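Report on one structure; see the data block that follows.
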Amino acid sequence: MVATERTKLKEAAKLGDYMSIAINKEGEPVHGGFVPWNNTASAFNMRTPKVTLAADDLQVPEIMQDLKKCRLAGVYIFTSLENYDFVSEFKRLQDLFIRKGENIRSLSFIRDMPELFMFYLENAELANLDSLIMNFNHGERLPGKCMGFYHCKVEDTSALKEVDFVTSELLIWPVEGDSRERWKMNKSPGTFRFYMKRG
């Protein structure tokens, strides 16, 4: 973690401030990122990372303790991690954004996060969406939920039939062979995009 980023995190921890973090391989500061959402309102709800951690920083107890003292609202992960269980420790998380999710086989780390309403994931291979949908079903009703899946293989999407929340956006960039019908929900989202490859 770059020294200036560590200083910012310590100061935020002392005050219990709102915080959003980026995580990348080396900990080089990130001040923005890719916005996946179709709607302007959804894009505005994303948080600009205030502090950037290196992947190895997640193993440093002092850093993790300082994060827990903050009100962590956004986590933006730009590198592949071996384990994502640390996410479940941040119960007030609102926005979770994961690029390079190749090591993710389950969303079981998403639990007991009543304020989470934005979730974006790339390149994962999942058995199902049960944990995510269950968390959203038991979370706060507003604002509407946003879900984005880029090149994710999901074996079982039946949890979408159990949706009991308002969905602002469901965006799918499918892998080869996936079908739009598999992603139909029992409650139609405000925006549903299934981005088929052209050509």
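Some observations on this one:
- Whole-Å semi-axes of the ellipsoid equivalent to the stretch 1-70 (Cα gyration tensor, √5λ, descending): 23, 15, 10
- Cα gyration tensor category, rounded, prolate or oblate, for the stretch 128-174 with a/c compared to 1.5: oblate
- Our coupling estimate for the stretch 178-191, obtained by passing each phi through the Karplus curve with A = 6.51, B = -1.76, C = 1.60 and θ = phi - 60°, is 6, 10, 4, 4, 5, 9, 6, 10, 6, 10, 5, x, x, 10 Hz, Gly and Pro reported as x.
- Taking 28 Å as the straight-line reach from the Cα of residue 50, the lysines in range (excluding those fewer than 8 positions away in the same chain) are 8, 10, 14, 25, 68, 69, 91, 100, 145.
- Size of electric dipole in the chain: Cβ of Lys, Arg +1 and of Asp, Glu -1, about Cα centre, debye, nearest 20: 580 debye
- For residue 48, net neighbour charge (Lys/Arg +1, Asp/Glu -1) across residues whose Cβ lies under 15 Å away: 0
- Relative exposure of 17, 57, judged by other C-beta atoms within 10 Å (fewest first): 17, 57
- Across the stretch 43-144, the mean sequence separation of Cα contacts (distance under 8 Å, 6 or more residues apart), normalised by length, yields a relative contact order of 22 percent.
- Taking a ≥ b ≥ c as the square roots of the Cα gyration tensor eigenvalues, the stretch 113-199 comes out prolate, since a/c reaches at least 1.5 and a/b is larger than b/c.
- Theoretical gain in end-to-end length, residue 86 to residue 39 [0.36 nm per residue, Cα-Cα removed]: 14.0 nm
- Treating each Cα of the stretch 45-199 as one equal point scatterer and applying the Debye formula with no solvent, the log10 of I(q)/I(0) at q = 0.15 Å⁻¹ comes out as -0.79.
- Proximal charge balance of residue 79 [Cβ under 13 Å; K/R count +1, D/E count -1]: -4
- Fewest-first sequence of 115, 82, 122 by Cβ atoms within 10 Å of each Cβ: 82, 115, 122
- For the chain, relative contact order (Cα pairs under 8 Å, six or more residues apart, normalised by length) works out to 15 percent.
- Kirkwood radius, the stretch 88-129, all distinct C-alpha pairs, inverse of mean reciprocal distance: 10.9 Å.
- Residue (of 88, 110, 160) at the positive-pole extreme of the chain, dipole from beta-carbon charges: 160
Where a number appears in this text, it was derived from the coordinates with a stated rule and is not lab data. Remember, it's a predicted structure, so these values are computed and weren't measured experimentally. Here Cβ is always computed from backbone atoms with ideal geometry, including for glycine, and neighbour counts include all displayed protein chains.
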